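Enquirer: What follows is a structure written as structure tokens; I'll ask about it next.
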Amino acid sequence: MKYISTRGKVNEIGFIDAVLMGLATDGGLLVPDKIPQITADELQAMSQLSYQELAYEIISYYVDGEISEIELKELIEKSYGTFRHSEVTPVVKVKDNMYILELFHGPTFAFKDVALQFLGNLYSYIAKKTGVTINILGATSGDTGASAIEGVRGKEGIRICILHPHGKVSKVQELQMTTVNDPTVLNLAIKGTFDDGQRIIKEIFADLEFKDKYHLRAINSINFARILAQTVYYFYAYFQVSKNKKIKSINFSVPTGNFGDIFAGYLAKRMGLPVGKLIVATNENNILERFINEGVYKPGEFRSTYSPSMDIQVASNFERYLYYLLDENSDAVTTVMEQFKSEGKIVVSKEQLRQVQADFAAHGVHGEECLDTIRKYHAKTNYLLDPHTSCGVAAYEQCNDASEVCVTLATAHPAKFNEAIERCEIEQTYPEQIQQLFSKPQFLEVVEADNAEIARRLEKHFTTAE
């Protein structure tokens with residue numbers, strides 16, 4: 001297994017080099033040179049595995065022997081030993097043909113833990129094996145930051161800086177990041193949006209001299225290892241649902257901002273998992289809904305919503321899907337992405353749009369619909385949805401036929417977004433780990449969304465946090 005860039009200017013590299021490179025040096029995103037194909041017999045054998053055993057089987061296809069069997073199994077066991085549920089990502093039946101995949105049982109109560117506990121331990125493994133310095137730089141719309149910090153804090157040879165949009169994440173998300181008092185952790189609250197932070201991250205990574213000098217590594221879903229770890233729970237959900245119900249395929253409804261989580265489902269489908277529809281659930285920042293319905297990818301006006309982790313206009317992982325939509329033609333991807341940079345939009349052909357609509361359905365959920373869905377399901381089923389999962393359930397209701405089995409991904413615990421829950425006039429009890437955050441001091445620096453200013457902060461942090 002080798003890794004190549006969506007823009008075609010990176011020579012074939014192995015798994016560990018791909019993890020260390022993060023963003024491709026030509027500005028594209030790394031993808032495997034071939035997608036492993038899993039047969040029906042192999043799927044049947046996998047269906048009996050525990051989550052950790054299944055993770056080993058799926059991840060092994062992509063690691064391709066670069067990490068020994070014993071060491072990879074140890075990495076996986078260590079990563080998921082931190083989760084509060086024995087199944088790691090349990091599936092809950094809410095009503096006939098409608099299931100919730102709970103992805104919030106990790107240390108920070110968000111789905112990002114599934115990938116970032118693994119990636120944090122993987123970085124630690126690489127640092128010890130190779131002596132390579134690991135200076136992690138990432139941007140977050142809320143959950144990635146806390147999960148990334150939790151995934152790497154206390155690990156020898158690793159330092160981290162996280163950018164988050166000042167005042168545009170939930171209070172609990174902010175506290176989870178900024179109450180960590182550790183000299184190896186730097187929290188920068190930028191005066192701007194997540195898209196500003198993501199742009200700055202990409203531009204800093206594109207400065208290869210700066211990137212190499214400070215040994216910068218990516219924690220965002222531009223790193224393929226993130227996508228890989230998330231692919232596992234699509235398989236796990238399918239196997240859990242199909243144990244008690246004879247089904248040919250299932251649909252997935254996925255709250256989506258940066259297109260990483262839904263791309264993991266797309267990858268699982270390409271590998272051979274019997275997936276029907278992949279439903280893209282967005283909020284008022286509905287660039288992806290418009291693309292799927294009209295074939296036009298064009299950022300609009302940023303809007304703050306009740307589901308802040310999805311308050312994203314430019315979806316970082318969209319280029320990976322574009323690569324497959326354009327028949328793995330890296331020259332075509334480069335041309336389209338250059339047009340996007342100069343013109344601010346991408347328009348696909350009618351034939352390509354038909355393929356997009358064969359791959360995905362979409363629904364943009366506005367504020368009151370999000371809150372109404374929380375209220376309705378709490379009243380009728382006593383299941384409390386966080387506002388992102390609520391968007392997923394609302395999109396399921398719009399896009400899923402009643403006769404089809406659908407799993408909605410629950411991307412966060414509702415305690416992380418009490419601002420929205422209170423608006424629904426619902427009282428919830430905070431888990432003890434979250435309640436304790438409110439009495440802790442915060443450690444963060446508020447900065448302008450300026451490349452040069454952030455670069456200066458990085459230089460200081462990565463050279464003084466020894």
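Enquirer: Can you tell me which residue within the stretch 361-377, out of those that are surrounded by fewer than 18 Cβ atoms within 10 Å (Cβ to Cβ) and touching a residue at least 60 places away in the same chain (Cβ under 8 Å), is nearest to Asn251 (Cα to Cα)?
Expert: His366
Enquirer: Now a separate question. Condition test on Ile67, is it touching a residue at least 24 places away in the same chain (Cβ under 8 Å), assigned to a loop (DSSP other than H, G, I, E, B) and either β-branched (Val, Ile, Thr) or closer than 30 Å to Arg199 by Cα (or both)?
Expert: It is true that Ile67 is touching a residue at least 24 places away in the same chain (Cβ under 8 Å), assigned to a loop (DSSP other than H, G, I, E, B) and either β-branched (Val, Ile, Thr) or closer than 30 Å to Arg199 by Cα (or both).
Enquirer: Going through the stretch 389-407 one residue at a time, which ones are of a type in the set (Gly, Ala, Ser) and buried (at least 24 other Cβ atoms within 10 Å of the Cβ)? If you could, list the steps in order and put the result at the bottom.
Expert: Going through the stretch 389-407, the residues of a type in the set (Gly, Ala, Ser) turn out to be 390, 392, 394-395, 402-403.
Of everything in the stretch 389-407, those that are of a type in the set (Gly, Ala, Ser) and buried (at least 24 other Cβ atoms within 10 Å of the Cβ) turn out to be Ser390, Gly392, Ala394, Ala395.
Enquirer: How about the stretch 1-19: which of its residues are in a helix (DSSP H, G or I) and in contact (Cβ under 8 Å) with a residue 24 or more places away in the chain? Lay out the reasoning, then the answer.
Expert: Kept after step one, since they are in a helix (DSSP H, G or I), are these residues of the stretch 1-19: 15-19.
Selection gives Phe15, Ile16, Ala18, Val19.
Enquirer: Report, by residue number, each residue of the stretch 20-42 that is outside any loop (DSSP other than H, G, I, E, B), surrounded by 15 or more Cβ atoms within 10 Å (Cβ to Cβ) and modelled with pLDDT of 95 or more. Even if it seems obvious, please write down each step before you answer.
Expert: Let us first name the residues in the stretch 20-42 that are outside any loop (DSSP other than H, G, I, E, B), namely 20-21, 23, 29-32, 40-42.
Next, from what is left, pick out any that are surrounded by 15 or more Cβ atoms within 10 Å (Cβ to Cβ): 20-21, 23, 29-32.
Listed by number, the residues that qualify are Leu29, Leu30, Val31, Pro32.
Enquirer: Additional query: I need the helices (runs of 4 or more DSSP H) fully contained in the stretch 219-294, keeping only those with at least 1 residues that are in contact (Cβ under 8 Å) with a residue 40 or more places away in the chain and touching a Lys or Arg at 6+ places or on another chain (Cβ under 6 Å).
Expert: Result: 260-271.
Enquirer: From Ser253, Ser342, which residue is modelled with pLDDT of 95 or more and over 23 Å from the mean Cα position of the chain (by Cα)? Steps first, please.
Expert: Values: Ser253 fails: over 23 Å from the mean Cα position of the chain (by Cα).
Just a single option satisfies the conditions, and that option is Ser342.
Enquirer: Could you say which residue among Glu459, Glu445, Glu453 is surrounded by fewer than 16 Cβ atoms within 10 Å (Cβ to Cβ), in contact with a strand residue (DSSP E or B) (Cβ under 8 Å, 6 or more places away or on another chain), in contact (Cβ under 8 Å) with a residue 24 or more places away in the chain and within 29 Å of Glu156 (Cα to Cα)?
Expert: Working: Glu459 fails: in contact with a strand residue (DSSP E or B) (Cβ under 8 Å, 6 or more places away or on another chain); Glu453 fails: in contact (Cβ under 8 Å) with a residue 24 or more places away in the chain.
After applying the criteria, what remains is Glu445.
Enquirer: Just to be sure I understand the filter: pairs with C-beta atoms under 7 Å, separated by 6 or more residues or on different chains, first member in the stretch 315-343 and part of a helix (DSSP H, G or I), second member modelled with pLDDT under 95. Which pairs pass?
Expert: Close Cβ pairs (under 7 Å, with a partner that is modelled with pLDDT under 95) amount to Phe318/Phe259; Tyr321/Phe259.
Enquirer: Just one of the numbered conditions (1) closer than 29 Å to Ile149 by Cα; (2) surrounded by fewer than 19 Cβ atoms within 10 Å (Cβ to Cβ); (3) in contact with a strand residue (DSSP E or B) (Cβ under 7 Å, 6 or more places away or on another chain) is not true of Met1; which one?
Expert: So Met1 meets the others, but not (1).
Enquirer: In addition: Kindly indicate whether any position in the stretch 349-360 is crowded, with 23+ Cβ neighbours inside 10 Å, within 29 Å of Ile100 (Cα to Cα) and modelled with pLDDT of 95 or more.
Expert: Just the residues of the stretch 349-360 that are crowded, with 23+ Cβ neighbours inside 10 Å, to begin with: 360.
Checking which are within 29 Å of Ile100 (Cα to Cα) leaves us with 360.
Okay, now just the ones that are also modelled with pLDDT of 95 or more, so 360.
Yes, the stretch 349-360 has at least one match.
Enquirer: Restricting to the stretch 119-144, and then to whatever is in contact with a His (Cβ under 9 Å, 6 or more places away or on another chain) and among the aliphatic types (A, V, I, L, M), can you tell me which residue is farthest from Ile219 (Cα to Cα)?
Expert: If we take residues in the stretch 119-144 being in contact with a His (Cβ under 9 Å, 6 or more places away or on another chain) and among the aliphatic types (A, V, I, L, M), then Val132 is farthest from Ile219 (Cα to Cα).
Enquirer: Still on this structure, please answer the following. Quick check on the stretch 72-80. Is at least one of its residues free of Cβ contacts under 8 Å to residues at least 12 places away in the same chain, over 25 Å from Phe259 (Cβ atoms), out of contact with any Phe, Trp or Tyr (no Cβ under 6 Å at 6 or more places or on another chain) and not in a helix (DSSP H, G or I)?
Expert: So far as the stretch 72-80 goes, no, none of its residues is free of Cβ contacts under 8 Å to residues at least 12 places away in the same chain, over 25 Å from Phe259 (Cβ atoms), out of contact with any Phe, Trp or Tyr (no Cβ under 6 Å at 6 or more places or on another chain) and not in a helix (DSSP H, G or I).
Enquirer: Next question, about the same structure. Taking only pairs six or more apart or across chains, which ones have beta-carbon atoms under 9 Å, a first residue in the stretch 142-153 that is at positive phi, and a second residue that is at pLDDT below 90 and part of a helix (DSSP H, G or I)?
Expert: Gly142/Pro308; Gly142/Ser309
Enquirer: What residue, among those in the stretch 218-270 that are among the aromatic types (Phe, Trp, Tyr) and within 16 Å of Leu30 (Cα to Cα), is surrounded by the most Cβ atoms within 10 Å (Cβ to Cβ)? Show your work before the answer.
Expert: From the stretch 218-270, those among the aromatic types (Phe, Trp, Tyr) are 224, 233-236, 238-239, 252, 259, 263, 266; that's our starting set.
Those left that are additionally within 16 Å of Leu30 (Cα to Cα): 224, 259, 263, 266.
On the way: Phe224: 24, Phe259: 24, Phe263: 27, Tyr266: 23.
Here the residue is Phe263.
The values are calculated or read from the model by the stated rules, or taken from the named source; none is laboratory data. Everything numeric here is computed off the predicted structure, so don't read it as measured data. Quick reminder, even Gly has a Cβ in these numbers, built from the backbone with ideal geometry, and neighbours come from all protein chains shown.
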